[in-house]
Amino acid sequence: MNLFQVTLFTRGKAPITQQLPGESDAEYAEFSSKVLHLKGDRKDFDFVKTSLSAKGFNVVYDINGREATEVSPILEALPNLEQFIYCSSAGVYLKSDLLPHFETDAVDPKSRHKGKLETQSLLEMSGMNWTSIRPVYIYGPLNYNPVEEWFFHRLKAGRPIPIPNAGNQITQLGHVKDLATAFIKVLGNPKASKQVYNISGSKYVTFDGLAWACAKAGGFPEPEIIHYNPKDFDFGKKKAFPFRDQHFFASVEKASKDLGVTPEYDLLDGLTDSYNLDFDRGTFRKEADFTTDDMILGKKLVSV
């Protein structure tokens, strides 16, 4: 396996490395000492072109690119790039009654992720070697937006879990470590050249089923689930539920076939890993906010 010198390009507003749960101080010190840092704003296109061209990187992992205009300066700065690996999203697919989504399915040009579609078009036109990864919902310890945290907060507080409509909407989660493995598997892989891959868990789950699985993972009793009609409420800008209220899942068959990617975590094991190594240690991303829950529960109590 080839060894690469890794440089993180960030604005420098947060530490560039973080000690993982269970990682010894010595292991972390060895790892962090090997990571270089380039501080800057990716929207400062002149800086991007100047600094990247001076470094002459071989591979780019673009994890937070949202617009093609943010990617174009990188391609200009690195004309001899060996591979551009892009984190897109399964959110680009056009809503459909035919599921799961495959990589060849129609995409939605009006999606809030349309910038990622435009980026893929840019990569295709560039003629360079690229790979695009489309995660569904990501979960797991230290993930930037762990959707499972929403359930854990309510279970920890002993509160009912409000779930929109019937709760039988089917969705899909992929563990952050399995996503990281997929990103490694495409590196330098000829099969991944100019390809798109859905990455997530191999099984699907209903909203109600996810609530029960989160309870089991954290050692909580089976939760009380409250179903509600979102049309009965005006939540303003607050998000009452962390998932889109629809069936939403994708096939990972292509990644399994081309890359040999097999998820290490099934859903319950992954949720247990997330709870033990993150939420239960108090390292969750957001404090609990039950404002919308109280609106839902208040209306339910009045209607009883």
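The values are calculated or read from the model by the stated rules, or taken from the named source; none is laboratory data. Please read all numbers here as calculations on a predicted model, not as lab measurements. Note that we place each Cβ from the backbone using ideal geometry, even for glycine, and neighbour counts take in every protein chain shown. The protein model used for the area step is the full one, side chains on, heavy atoms only, and it has no ligands, DNA or RNA in it. Shrake-Rupley method; radii C 1.70, N 1.55, O 1.52, S 1.80 Å.
List of remarks:
- Cβ-Cβ under 6 Å pairs, at least 6 apart or on other chains, the range 32-45 side open to solvent by 80 Å² or more (accessible area, probe 1.4 Å), far side part of a strand (DSSP E or B): LEU36/THR7
- Output for the range 38-95, where each listed residue is under 22 Å from GLN5 (Cβ atoms) and in a strand (DSSP E or B): LEU38, LYS39, VAL59, VAL60, TYR61, ASP62, GLN83, PHE84, ILE85, TYR86, CYS87
- Residues in the range 101-119 that are more than 15 Å from ARG66 (Cα to Cα) and not in a loop (DSSP other than H, G, I, E, B): 2 in all.
- The set of residues in the range 106-119 that are charged (D, E, K, R) and open to solvent by 50 Å² or more (accessible area, probe 1.4 Å) comprises LYS110, ARG112, LYS114, GLU118.
- All positions within the range 56-73 that are open to solvent by 50 Å² or more (accessible area, probe 1.4 Å) and under 21 Å from the mean Cα position of the chain (by Cα): TYR61, ILE63, ASN64, ARG66, GLU67
- Residue that is in contact with a His (Cβ under 8 Å, 6 or more places away or on another chain) and not aliphatic (A, V, I, L, M), where the choices are THR50, THR7, THR17: THR7
- Of all the numbered requirements in (1) open to solvent by 20 Å² or more (accessible area, probe 1.4 Å); (2) in contact (Cβ under 8 Å) with a residue 24 or more places away in the chain; (3) in a loop (DSSP other than H, G, I, E, B), LEU98 misses one, and that requirement is (2).
- Failed item in (1) within 25 Å of ILE184 (Cβ to Cβ); (2) of a type in the set (Gly, Ala, Ser); (3) without any contact (Cβ under 8 Å) to a residue 12 or more places away in the chain, with GLY91 passing the rest: (3)
- When residues of the range 144-194 are limited to those that are free of Cβ contacts under 8 Å to residues at least 40 places away in the same chain and under 27 Å from ASP280 (Cβ atoms), the one nearest to the chain's Cα centre (by Cα): VAL176
- Test: THR291 is β-branched (Val, Ile, Thr), over 21 Å from the mean Cα position of the chain (by Cα) and open to solvent by 60 Å² or more (accessible area, probe 1.4 Å): yes
- Among the residues making up the range 74-95, those that are more than 12 Å from ASN198 (Cβ to Cβ), of a type outside the set (Val, Ile, Thr) and open to solvent by less than 80 Å² (accessible area, probe 1.4 Å) are LEU75, ALA77, LEU78, LEU81, GLN83, PHE84, TYR86, CYS87, LEU94.
Here is a yes/no grid of residues against (1) touching a His at 6+ places or on another chain (Cβ under 9 Å); (2) surrounded by 21 or more Cβ atoms within 10 Å (Cβ to Cβ); (3) closer than 17 Å to PHE241 by Cα:
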| residue | (1), (2), (3) |
| --- | --- |
| THR262 | no, no, no |
| ASP269 | yes, no, no |
| ASP273 | yes, no, no |
| LYS286 | yes, no, yes |
